[in-house]
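Here's the structure, in structure tokens; my notes come after.
The values are calculated or read from the model by the stated rules, or taken from the named source; none is laboratory data. Predicted model, so just to flag it, every value in this text is computed and none were measured. Glycine also receives a Cβ, built like all others from the backbone with ideal geometry; neighbour counts cover every protein chain displayed.
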Ligand code: NAD
């Protein structure tokens, strides 16, 4: 369509050539199989992409290693200056890149642009870090000795990303990796290659303009095989993986089998707990955004809702009213709140789950259908659902697995202890929210008897984290931490350096060993 061409050409992606190169290692190329990028809203093919062959992967990895050996000698604040320029280049294309996220992934305009903003924010953070990645001097027990903890660049970082944040998650990893003096190789989701090509086009121009090898930020589009190739390669010092628990389990095992380092950011199954004393004017819209925003395709989407008995009816009434107001529409239209699911397979998963809910006699308060009328029939549009399963057996798959679609399961509780038990009873541990005005509930929630998730919010919804804290989940979500906080410490290698300034060579712990 002309709209797609306009968005792609605004990002310097050629729309005249039949196949777009999907590999970058200082030069654009691609000799692997052809990936097709399909628009989830219209079903149109946006582009055909020449993905990486195994040979392309080998070359890109070798060039990344070379690029690393020079980039690690660029002083960190100078690396920060390059990150600042990347930030500026992204900001100049914020709207266009945001539109491409909406076009290719399907999230609504404000969220597409928000994702680019998140990349910009983490660049600011990494620019600051480039002058602040300090090691430590610690006390030695020996006279005339000092012990330093020294961070040095780590090497080549493999970044494997999911479809649902096709720009921001790469941004988290690239910015910290560059600040730390590493080279990266990015394998985006095979269904969002154009977002990756557009980002790499922006980043590579800045690198080249600064006389830095573009292979510092290499790109290999492709599927499972290319992902596995990165995971297996001992030249990749850290694999930062974002995706499903199923794939993450094998990535984690394969990286540790070769003693590599990994960061795993896997599936979530996030609960919001609403107490009787909560401010419903705040809680209802937040649950609405958590469950329906991004059409339920965030790792932090609200999937479980636990309501204290006294407010349960009113809460559901108000939530249903909000659900009733939402219409599926083209995500690139300003007023749209509900875009499509990313793939037709996701629609199948949604429909199968609804069928299962019916089979266990869950009460489905709203939703459950796929939109089949034109023009929505060309896209993957479904109606967000709210269900009340009969039992709260947390071993039932409806409660203990992540369905990556807008389905919210509800249960009613009497005491906070019960709700916290349900919150913690699932394998995943990403995001959790408690809504209350009572300090005692809040204290319990964030303490040892509280939520076991990596994100533990109070009067804030499940999704929509800021970059300044380390982001990630516990348990089967993988224990990874990315973005802010101390996450950068994983992107460097640490050395404990004991230095002797004295004329003696004493052993630690007073051990004597002389002939
Ligand atoms: P996915 O697991 O299907 O794919 C993730 C990436 O792994 C893709 O790049 C894919 O091509 C690649 N891949 C597939 N098989 C591979 C293999 N055998 N070896 C190596 N790489 C392989 O996930 P998805 O459907 O793209 O994304 C949705 C999932 O990601 C959800 O579970 C969601 O919760 C999760 N997610 C988690 C976070 C987080 O920060 N915790 C953020 C976003 C998404």
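Look at residue 205 and say whether it is in contact (Cβ under 8 Å) with a residue 40 or more places away in the chain and within 16 Å of the ligand (Cβ to nearest atom).
So residue 205 fails the test.
Within region 286-293, identify whether any single residue is part of a strand (DSSP E or B), crowded, with 24+ Cβ neighbours inside 10 Å and either modelled with pLDDT of 95 or more or away from the ligand (no atom under 15 Å from the Cβ) (or both), and answer yes or no.
Within region 286-293 (the criterion being part of a strand (DSSP E or B), crowded, with 24+ Cβ neighbours inside 10 Å and either modelled with pLDDT of 95 or more or away from the ligand (no atom under 15 Å from the Cβ) (or both)), the answer is no, since none of the residues qualifies.
Taking the conditions exactly as written (out of contact with any helix residue (DSSP H, G or I) (no Cβ under 6 Å at 6 or more places or on another chain), on the phi < 0 side of the Ramachandran plot and in a strand (DSSP E or B)), does residue 354 satisfy them or not?
no
Show the residue pairs meeting these rules: Cβ distance below 6 Å; 6+ apart or different chains; first residue within region 225-249 and within 26 Å of residue 268 (Cβ to Cβ) and within 6 Å of the ligand (Cβ to nearest atom); second residue modelled with pLDDT of 95 or more and not in a helix (DSSP H, G or I).
Cβ pairs passing all conditions: 227/160; 227/187; 231/239; 242/161; 242/162; 242/265; 243/162; 244/267.
For region 378-392, check the following and say yes or no: at least one residue is closer than 20 Å to residue 276 by Cβ and within 23 Å of the chain's Cα centre (by Cα).
No: zero hits.
Could you check region 417-440 and list, in sequence order, the residues that are buried (at least 23 other Cβ atoms within 10 Å of the Cβ) and in a helix (DSSP H, G or I)?
Matches in region 417-440: 419, 420, 423.
Here are some residues: 249, 304, 309. Which one is modelled with pLDDT of 95 or more and touching a helix residue (DSSP H, G or I) at 6+ places or on another chain (Cβ under 9 Å)?
None of the others qualify; the one that does is 304.
Looking at region 257-273, which of the residues that are in a strand (DSSP E or B) and within 14 Å of the ligand (Cβ to nearest atom) is farthest from residue 230 (Cα to Cα)?
Applying the filter and picking the extreme gives 270.
What about residue 173, is it surrounded by fewer than 21 Cβ atoms within 10 Å (Cβ to Cβ), at pLDDT 95 or above, closer than 17 Å to residue 157 by Cα and within 14 Å of the ligand (Cβ to nearest atom)?
Judged against the criteria, residue 173 is not a match.
If you scan region 473-485, which residues turn out to be more than 21 Å from residue 303 (Cα to Cα) and surrounded by fewer than 18 Cβ atoms within 10 Å (Cβ to Cβ)?
Across region 473-485, the qualifying residue is only 485.
Of the numbered conditions (1) more than 16 Å from the ligand (Cβ to nearest atom); (2) not in a loop (DSSP other than H, G, I, E, B), residue 159 satisfies every one except a single condition; which is it?
Against the list (1) more than 16 Å from the ligand (Cβ to nearest atom); (2) not in a loop (DSSP other than H, G, I, E, B), residue 159 comes up short only on (1).
Restricting attention to region 271-301, which residues are touching a residue at least 40 places away in the same chain (Cβ under 8 Å) and within 22 Å of residue 371 (Cα to Cα)?
289, 290, 291, 292, 293, 294, 295, 296, 297, 298, 301
Report whether or not residue 133 is at pLDDT 95 or above and touching a strand residue (DSSP E or B) at 6+ places or on another chain (Cβ under 7 Å).
When the stated conditions are applied, residue 133 passes them.
What's the total number of residues in region 443-472 that are surrounded by fewer than 17 Cβ atoms within 10 Å (Cβ to Cβ) and in a helix (DSSP H, G or I)?
Matching residues across region 443-472 total 2.
Which residues, taken from region 213-234, are part of a loop (DSSP other than H, G, I, E, B) and under 19 Å from the mean Cα position of the chain (by Cα)?
Within region 213-234, 221, 222, 223 qualify.
Out of region 332-342, which residues are touching a helix residue (DSSP H, G or I) at 6+ places or on another chain (Cβ under 9 Å) and either within 14 Å of the ligand (Cβ to nearest atom) or assigned to a loop (DSSP other than H, G, I, E, B) (or both)?
332, 333, 334, 336, 337, 339, 340, 341, 342
Go through region 400-416 residue by residue and tally those that are crowded, with 20+ Cβ neighbours inside 10 Å and within 16 Å of the ligand (Cβ to nearest atom).
7
Scan region 177-195 for residues that are under 16 Å from the mean Cα position of the chain (by Cα), in a strand (DSSP E or B) and either touching a residue at least 60 places away in the same chain (Cβ under 8 Å) or near the ligand (Cβ under 8 Å from one of its atoms) (or both) and report the count.
Within region 177-195, residues that are under 16 Å from the mean Cα position of the chain (by Cα), in a strand (DSSP E or B) and either touching a residue at least 60 places away in the same chain (Cβ under 8 Å) or near the ligand (Cβ under 8 Å from one of its atoms) (or both) number 1.
Going by the conditions given, is residue 308 surrounded by fewer than 24 Cβ atoms within 10 Å (Cβ to Cβ), closer than 28 Å to residue 411 by Cβ, within 13 Å of the ligand (Cβ to nearest atom) and in contact (Cβ under 8 Å) with a residue 40 or more places away in the chain?
Considered against the rule, which asks whether it is surrounded by fewer than 24 Cβ atoms within 10 Å (Cβ to Cβ), closer than 28 Å to residue 411 by Cβ, within 13 Å of the ligand (Cβ to nearest atom) and in contact (Cβ under 8 Å) with a residue 40 or more places away in the chain, residue 308 comes out as no.
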